[in-house]
Every structure is written in C-alpha cells, then in structure tokens.
Amino acid sequence: MFELSRRFAEEQDQSDPLKTYREQFYFPQRNGKDAIYFCGNSLGLQPKNVKPAIEQELNDWKHHAVEGYWNAENPWLYYQQYCSKPLTKIVGASQEELTVMNTLTVNLHLLLMSFYQPTKQRFKVLMEAGAFPSDQYALETQVRLHGYNPAEAIIEVAPRPGEQLIREEDIFEIIERESSSLAIILLGGINYYTGQLFNMQSITEAAHRVGAVAGFDLAHVVGNVPLNLHDWEVDFAVWCSYKYLNGGPGAVGGAFIHEKHALDTNRQRLGGWWGNEESTRFKMEKGFKPKNRAEGWQISTAQVFNMVALKASLELFESAGMAALRDKSIKLTNYLEFLLKHIENIKFEIITPKNCKERGAQLSLLFHEKGREIQQKMTDAGIIVDWREPGVIRISPAPLYNSYGDVFHFYEIIANIDSNA
C-alpha cells in the first residue's frame, strides 16, 4: 500500500482532495522554511481567515459599541451559537445539546456539579490511570467537596503489568464489580499520553446498565475523530478548542449535555445571567430559570474575542467535512507508522494502538533512553513535536494542514539522526 519514496508522497499529495486547505494556515518558520508541524494535538495552527475575522469584530466594536450586541455583522448576543452550530456535525449532536463557553476544566467542574450526585451507597468515580492532570485534580477536589476521600471514591483503571494500553474488558470488569457503588465514569476519549481511543459507545452502555453516569473529556477527540454523542447517549462531555479545532491559545471550551438532561430545567447546576431563559433575562428579577437546552449551563456573557478564532476555523471544518478529514487522517497516520518502522538508527516503540479504529491522528513514541535528546535534535532540524514525561514524543499529523510530504520529510530527517552524538 505504501512506498518508501519521496515520489510516493508527492503522488499522494497531488491526489489529496483536501490539499488546498494547507494554504489556509500559517506555518512557523524554521531556517527560512515552513516547519514540519506535528503538534496540532497540543496547539493547532492559525487559520489565515482569523485575522480578518478579528478585525471585523474590532470594527463593529469601534462603530457600534454596546449596540454591537444587536447590530454587529455577527450580533454578539448570539455569538456562542455561531460556534455551536458547526460543532453539531463534528460531535454528532443537536444544537440544543451543545454550548460553547469557558474553558475545559471550568466546564468539567460545572458539569460535575450537576452529574456527580453521590449517595452513601453510590459515590465512586471511575477514571483512567494517567489521565491528564486537570481531570485528576477536578475529580479529586469534587470528591472532597462532597465529603469523600479520593483514595476511596476514585477508582483508576490501568494497563496490565508490562502493557501500555488499557484493555476494554478491564473497564467493563470494574463497572460490573462496582455496579452498586459507581456514580460516574469520566474517561478521556483519547488518552493524551498513549493516544488510545476508547470505545465511548460501549463504555456508555456499560455505565448505564449499572445506573452510572457516563462523561468524557474530549480534548484530544473533537476535530480529530468523528463522534455521535447523541446516538451513543453519552450523558455529558467537555473539550477544549485550541488543539485540533485551531481556536488559538486558551480558546473557549465546549460542552455537550444530552437532550434528556438538557431539557430538564430542574437538574441541579450553578446559575448565571447568560444561562437564564431569554424571555425573562432582561426583567432582572430574582429566581433563576435556566434555558431548556445546554445553554442553560452558561454563566457569563459570550466571550466574543475568545470565540472569533474558533468561529473562523470551524468554517474550514464545515467546508472539508469530518468524514473526509478522518479518511485522510487514517491514511496519514498509517503512512507515518509505515515509515517509522523503517527507522533503525534510534530506538523507540510505538505505544499507540495499531488498529486505526482505536486511535486518532497521534502516534506516541516511547523512548527508554535519550528521548529528550532526540526530541531536541528534531527541534533543531525544524520539526515541531512535543515531549511528555516520563518518555514519550507525541507526533500528530493534522489532516487539515499536514501533507504526505511533511510525513516523508520527517522520516528523512529522523532517519539520519545520530542518537550517539
């Protein structure tokens, strides 16, 4: 299927139906050339349509001031909806189930306040061992807030001894074992370190069979792998927008609340003016009346200047389509894996699942020695990837802007790295 030649990469790029999107992004420059940027799983590149989009809002602020909420080119009163609408196709949800607000961990805390309702009998939380620290901290402090000991309330599912990945049957075994005490499951849809993609549908079904809530941190999933959150009946999910969605550093986050919960205005939550029912919002009266949709969890006014870059990037996602992006992503990552298997001068193992249905764009290379030095040599050669302790270099070719040529050039460079130098 693949060939170890530059000609093959050039032919693939010529026939790539998404090849024009590369020109819609700015690449960092290294040694007078575009860097090989495989770090979209940490921060996506800047789309070229972001600058005019920001200038539009600046001009509307300049000319309309407060009346921009109604009279701007994109009236600010509804700004979150300009982002939530295109996200419906990316995450597989209705617009009523989506909202764009805050940042990932803030949203996680807000939704845990609603969905983690422990009792004496059912108070435990299941998460993956080695989850991203913010998830660990959020759960630890939420558990303490309810008066429980995290050491007793939080259960971690870990890889078996000598293995790097979590077996799905081990998740199910814990769910069944703790069926009467399990309150909630919170997993990263893709583990940030290994790149393992979990079967969210089957995990959700297993959670519901024992009466537990299923929630997911989708920071490494949204914009990377197609989702069907509504059909899978996931209870809630949160994500950031600065990775694969290219929303910019610290960009606004997103949240999904399944309609069976979003329509329930009696569900406990922390209230705010922007989450109040619009028909009574401006009466300025006591008595919080939440919207009967995911926007009922909003607290503050839409952050226009923190949403504008995401809005601009989502225009490209709407044009390209997630199905086409996923198709190219699978091919790019498989090609990267093929080339990496021909590397003999440096020693590493790929710990990301081999099955493309169990991973996204990322491959994690585990180095038992000299990993930091190898990553620095990549950086010196114009390659931008990232390092995660204790020993992983993460490589993530993003299908919107990366090419087969990028992947082959990456291979050419690292095939000549002297690990002994």
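The values are calculated or read from the model by the stated rules, or taken from the named source; none is laboratory data. The structure presented is a predicted model; accordingly, all values stated were derived computationally and were not measured. Quick reminder, even Gly has a Cβ in these numbers, built from the backbone with ideal geometry, and neighbours come from all protein chains shown. Please note that ligands, DNA and RNA were not included when accessible areas were found on the heavy atoms of the full protein model with its side chains. Shrake-Rupley method; radii C 1.70, N 1.55, O 1.52, S 1.80 Å.
Would you check if there is a residue in region 286-300 being surrounded by fewer than 19 Cβ atoms within 10 Å (Cβ to Cβ), among the aliphatic types (A, V, I, L, M) and without any contact (Cβ under 8 Å) to a residue 40 or more places away in the chain?
No, region 286-300 contains no residue that is surrounded by fewer than 19 Cβ atoms within 10 Å (Cβ to Cβ), among the aliphatic types (A, V, I, L, M) and without any contact (Cβ under 8 Å) to a residue 40 or more places away in the chain.
Residue check: is P159 under 26 Å from V100 (Cβ atoms), at pLDDT 95 or above and under 24 Å from the mean Cα position of the chain (by Cα)?
Considered against the rule, which asks whether it is under 26 Å from V100 (Cβ atoms), at pLDDT 95 or above and under 24 Å from the mean Cα position of the chain (by Cα), P159 comes out as no.
Output yes when any residue across region 230-239 is open to solvent by less than 10 Å² (accessible area, probe 1.4 Å) and closer than 19 Å to T194 by Cβ, and no when none is.
The answer is yes; a qualifying residue exists.
Considering only residues that are in a loop (DSSP other than H, G, I, E, B) and over 15 Å from V234 (Cα atoms), which ones fall in region 188-217?
N191, Y192, Y193, T194, G195
Mind counting the residues in region 106-140 that are over 24 Å from Q298 (Cα atoms) and under 21 Å from the mean Cα position of the chain (by Cα)?
Counting residues in region 106-140 that are over 24 Å from Q298 (Cα atoms) and under 21 Å from the mean Cα position of the chain (by Cα) gives 8.
Kindly indicate the residue of region 396-421 that is among the hydroxyl-bearing types (S, T, Y) and over 20 Å from N224 (Cβ atoms) and also surrounded by the fewest Cβ atoms within 10 Å (Cβ to Cβ) among those meeting that condition. Full working, then the answer.
Step one: of region 396-421, the residues among the hydroxyl-bearing types (S, T, Y) are 396, 401, 403-404, 411, 419.
Applying the additional criterion that residues be over 20 Å from N224 (Cβ atoms) yields 411, 419.
On the way: Y411: 20, S419: 16.
Per the criteria, the residue is S419.
Checking the structure you have, find out if any residue of region 141-155 is under 25 Å from the mean Cα position of the chain (by Cα) and either under 20 Å from E389 (Cβ atoms) or in contact (Cβ under 8 Å) with a residue 60 or more places away in the chain (or both).
Among the residues of region 141-155, not one is under 25 Å from the mean Cα position of the chain (by Cα) and either under 20 Å from E389 (Cβ atoms) or in contact (Cβ under 8 Å) with a residue 60 or more places away in the chain (or both), which makes the answer no.
Pick out the one residue from E205, E233, E178 that is at positive phi and at pLDDT 95 or above.
Values: E205 fails: at positive phi; E178 fails: at positive phi.
Going through E205, E233, E178 in turn, the sole match is E233.
Would you pick out the residues in region 6-19 that are more than 29 Å from A219 (Cα to Cα), touching a residue at least 40 places away in the same chain (Cβ under 8 Å) and surrounded by fewer than 17 Cβ atoms within 10 Å (Cβ to Cβ)?
Just the residues of region 6-19 that are more than 29 Å from A219 (Cα to Cα), to begin with: 6-12, 14-15.
If we keep only those that are touching a residue at least 40 places away in the same chain (Cβ under 8 Å) as well, we get 6, 8-10, 12.
Within region 6-19, R6, F8, E10 qualify.
Restricting region 216-228 to residues that are over 23 Å from Q136 (Cα atoms) and hydrophobic (A, V, I, L, M, F, W, C), which is surrounded by the fewest Cβ atoms within 10 Å (Cβ to Cβ)?
Among those that are over 23 Å from Q136 (Cα atoms) and hydrophobic (A, V, I, L, M, F, W, C), it is V225.
Of the residues that sit in region 257-278 and are under 23 Å from L87 (Cα atoms) and assigned to a helix (DSSP H, G or I), which one is most open to solvent (accessible area, probe 1.4 Å)?
K260
Please find, within region 73-105, the residue that is surrounded by the most Cβ atoms within 10 Å (Cβ to Cβ) out of those that are under 18 Å from the mean Cα position of the chain (by Cα) and without any contact (Cβ under 8 Å) to a residue 12 or more places away in the chain.
Step by step, filter region 73-105, then rank; the result is T88.
Any idea which residue in region 203-215 is surrounded by the most Cβ atoms within 10 Å (Cβ to Cβ), counting only those that are more than 18 Å from E169 (Cα to Cα) and under 22 Å from the mean Cα position of the chain (by Cα)?
Pass one, region 203-215, residues more than 18 Å from E169 (Cα to Cα): 211, 213, 215.
From what's left, under 22 Å from the mean Cα position of the chain (by Cα): 213, 215.
Working: V213: 23, G215: 26.
Looking at residues that are more than 18 Å from E169 (Cα to Cα) and under 22 Å from the mean Cα position of the chain (by Cα), I get G215.
Check whether at least one residue in region 12-20 is at pLDDT 95 or above and over 21 Å from N224 (Cα atoms), and report yes or no. Before the answer, list the steps.
Step one: of region 12-20, the residues at pLDDT 95 or above are 12-20.
Next, only the ones that are over 21 Å from N224 (Cα atoms) stay: 14-15.
Yes - at least one qualifying residue is present in region 12-20.
Of everything in region 20-67, what is part of a helix (DSSP H, G or I) and surrounded by 15 or more Cβ atoms within 10 Å (Cβ to Cβ)? Give them in sequence order.
If we filter region 20-67 for residues that are part of a helix (DSSP H, G or I), which is where we start, we get 20-24, 50-67.
Answer for region 20-67, where residues must be part of a helix (DSSP H, G or I) and surrounded by 15 or more Cβ atoms within 10 Å (Cβ to Cβ): Y21, R22, Q24, V50, A53, I54, Q56, E57, D60, W61, H64.
Tell me, which helices (runs of 4 or more DSSP H) wholly within region 303-395 include 2 or more residues that are over 30 Å from P52 (Cα atoms) and open to solvent by 20 Å² or more (accessible area, probe 1.4 Å)?
Fully inside region 303-395 and qualifying: 322-340, 371-380.
Looking at I54, I90, which one is touching a Pro at 6+ places or on another chain (Cβ under 9 Å) and farther than 20 Å from Y404 by Cβ?
I90
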